[in-house]
Structure formats: C-alpha cells, structure tokens
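In what follows, a single structure is set out as structure tokens and then discussed.
No value in this document is a laboratory result; all are computed from the given coordinates. This one's a predicted model, so the numbers in the text were calculated from it and none came from an experiment. Cβ placement follows ideal geometry from the backbone for every residue including glycine, while neighbour counts extend to all protein chains displayed.
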C-alpha cells in the first residue's frame, strides 16, 4: 500500500512538472502568428502613437507582425469590450488608466469585469497631466490661480478632459473651497481652442494635447500632476513642488492580457516591454510627445492600478461625482 502511494505521488509530481514545462515552452514559442493590439482610442492620439511605437519594436523582437487595431468610442468602453470579446490568445490591450482604475469606481455597470477580464502585464508610458491657463490671465503659478479663483467665486470656468481629469479637478476645487463652473465639451479640441482664446479659464489634460497652444504663446502650464517633471517642459514644477500634493497623479497607460493568460507568458511579455522602454530611440520619441517611457512588472502595474482606483474612490466619496 505504501509503495502504491509513493508511485501515485510520483505520477502526480511528474504530471505537474510536465504541465509546467509545457506551459513554459508555450510561452517561449509565443507568438506563432500576428498579434493584435486593441487601442480604445482613435488613430493619431497620443495613446495610439505610443502603442504603435511599442508594437513596431515588439514585432521585431517577436518575429511576428504586431498590428494596432483602433476601437474608439464610449470613452474607451468599445475598445476594451472588443478586446475582451475577442477571446484571442494573440491579442493584447493597450489602454490608459481610466477603463481599469476610474470606470469601476464611477460607473454603476461595465460591459467587462476589470479584475477577471483584464490581466495587467506592464505599464508602457506615463502621460504627463497638466493644469493650463490662458496666457491672457497673467497667472504664473498654482498658488496664484487659487488666489485668483477665490477672489472671484463663480466667475471662472474650467474643464477636466477625459478619463481621470474631471474627478481629479473636481476634488482639487472642492479641497480648496473654490467656486468654479465646470463645463463640458463634445470634443477636447474645442476646449483647447477656447483656452487659447481666453474663453476657458482652466484646463486639465495631458501635456501632449495642449502643447501646440502653449508653444503658440496662448497657454501656460502651471504644473504637472506626475511625481517627476516632464522632459518636454522641464521648467514646469510638479503639483507637489507647487504645494498641492493632493493633485498628484501618474497618468499611466500600458499592456493588458486576456483572461487565462499564463503567468509565464505574462512575465515574458512584460520583460519584452521593459526592453523596448529602455531603448534610447523609443525614449526620445515618447519624450517628444510629452510622455515618459516607463515599464513595470505585472505586480507593480497591478499595484499602480489599485492605488489609482483608491484615489478616485476617495474623490467620488467627497464630491459625489458618479456617472
């Protein structure tokens, strides 16, 4: 009887070892065909451009085509849902933070389960968020903006663009006790035009979106939301340096795998993303767009998502903002 148990244990162990080896081997030989990268934002956007930079370099490493598929609409929900519905082991999602860290908190129902359907692989870039004002306001710092708004309750207007920015801006205005009218735009380009013409007093968005207006001398950056200064505008302080750490926020975007992806394949893709992020040419190209190459381990990426989700949940509790 004892020998039978020993043989059975040995058989189980050999099966486990065999399956582990097979899984590792599958990860090593992946991909075996074209890899599709779903991007829930339209072509030409900063997210799309970053995705294409990574796709090109990953395709060279994997010796297989890596094709970006833009699926814009519904604030990113269409693209994420299309990725989940694909059930494709040769598909990845390249997405900004909102669908995984913001929407689970602010929306009553989602067409996907972030915890089940989206497996964090690696961050790829940090988009620099910024607070910008029209040059015509003659405001040079966040402190001056707060004083200006406090002296004119209800007189100024503001716009927080897509994703996290409406919530981050609302939390900031409430914490400072400022009465500022928040308005909405059908298209962000209209907000940028209004800011440049002085019809909008305050805009919170990514640097890349508003950079041409600032370069034309019509807008001024007061601070960046990230923990580090942007190499694109190194003279602009972080919100923490400016004295408003409650505005701090890392605007990450990165790669997610489908439900069921093996840990071995997930880790291998993360390592390849890290190798691309370390390429000086990639770093320079992203920097020119106002983005910072930033790769992480899957565990680190998951932690970033949870931290952002907790911060948004706190803002929602304080402001009552929900969709």
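Can you put 262, 60, 95 in order, fewest other beta carbons within 10 Å first? Walk me through the numbers on the way to the answer.
Working: 262 16, 60 11, 95 25.
By the 10 Å Cβ count, ascending, the order reads 60, 262, 95.
Any chance you could list P(r) for the range 212-311, counting all Cα-Cα pairs in 10 angstrom bins from zero, rounded to whole %?
Over the range 212-311, the share of Cα pairs per 10 Å bin runs 13, 35, 33, 15, 3, 0 percent.
Cα-based Rg of the range 222-266 per 2.2 N^0.38 Å, rounded to two decimals?
Values: Rg = 16.2 Å, N = 45, 2.2 N^0.38 = 9.3 Å.
Relative to the rule-of-thumb radius for its length, the range 222-266 sits at 1.74.
So, by mean Cβ neighbours within 10 angstrom, what's the order for 143-152, 105-114 with the highest one leading?
143-152, 105-114
With the crude spin-label approximation of a point 7 Å out along Cα→Cβ, what separation in nm comes out for residue 56 versus residue 34?
Here the answer is 1.9 nm between the modelled labels.
For n ≥ 4 DSSP H runs only, could you compute -39500 (n - 2.57) per run for the chain, divide by its residues and tell me the 222 nm figure to the nearest 500? Kindly include the intermediate steps, with their values, before the conclusion.
Values: 13 runs with 151 residues, N = 323.
So the calculated ellipticity at 222 nm is -14500 deg cm²/dmol.
When the chain is fully extended, how far beyond the present Cα-Cα distance does residue 275 get from residue 138, taking 0.36 nm per residue of separation? Please list the in-between numbers first.
Values: separation 137, 0.36 × 137 = 49.32 nm, distance 4.37 nm.
In short, 45.0 nm is gained.
Evaluate the distance, in nm, between pseudo-label points positioned 7 Å from the Cα of residue 162 and of residue 307 along their respective Cα→Cβ axes.
2.5 nm
Could you work out how far helix 263-277 tilts from the main Cα principal axis of the chain, as a 0 to 90 degree angle to the nearest 10?
Around 50 degrees separate the two axes.
Mind pulling the per residue volume of the convex hull built on the Cα atoms of the chain? Å³ is fine.
Hull volume normalised by residue count: 152 Å³.
Send over the per residue convex hull volume for the range 81-160, Cα only, as a whole number of Å³.
Details: hull volume 13.0 nm³, N = 80.
In the range 81-160, the Cα convex hull volume per residue is 162 Å³.
Assuming R0 = 41 Å, can you tell me the calculated FRET efficiency for the pair residue 264 and residue 108, based on Cβ-Cβ distance, to the nearest 0.05?
Values: r = 37 Å, r/R0 = 0.89.
So the FRET efficiency works out to roughly 0.65.
For the range 129-247, what's the radius of gyration and Dmax over Cα atoms, in angstrom?
Values for the range 129-247 (Cα only, Rg and Dmax): 12.8, 35 Å.
Residue 300 to residue 228: extension gain in nm, 0.36 nm per residue of separation minus the Cα-Cα distance? Let's see the in-between values first.
Values: separation 72, 0.36 × 72 = 25.92 nm, distance 1.79 nm.
Gain on stretching residue 300 to residue 228: 24.1 nm.
Return one number: the angle in degrees, 0 to 90 and rounded to the nearest 10, between the long axis of the Cα atoms of helix 77-86 and the longest principal axis of the Cα atoms of the chain.
Approximately 10 degrees, to the nearest ten.
Distance in nm between label sites at residue 64 and residue 87, each 7 Å beyond Cα in the beta-carbon direction?
Result for the modelled spin labels: 1.9 nm.
Report the Cα centroid-to-centroid distance between the range 125-182 and the range 32-47 in angstrom, as an integer.
32 Å
Take the alpha carbon atoms of the range 260-314, find their center, do the same for the range 60-101, and report the distance between the two centers in whole angstrom.
Using only Cα atoms to place each centre, the spacing works out to 15 Å.
On a 0 to 90 degree scale, rounded to 10, what angle separates helix 46-62 from the longest Cα axis of the chain?
30 degrees
Per 0.36 nm of contour for each residue apart, how much would the distance between residue 179 and residue 155 grow if the chain were fully extended, relative to their Cα-Cα spacing? Don't jump to the answer; show the numbers that get you there.
Working: separation 24, 0.36 × 24 = 8.64 nm, distance 0.79 nm.
Net length gain for the segment: 7.8 nm.
Give me 230, 161, 141 ranked fewest to most by other Cβ atoms within 10 Å of their Cβ, as a rough exposure proxy.
Working: 230 24, 161 19, 141 14.
Ranking 230, 161, 141 by Cβ neighbours within 10 Å, fewest first, gives 141, 161, 230.
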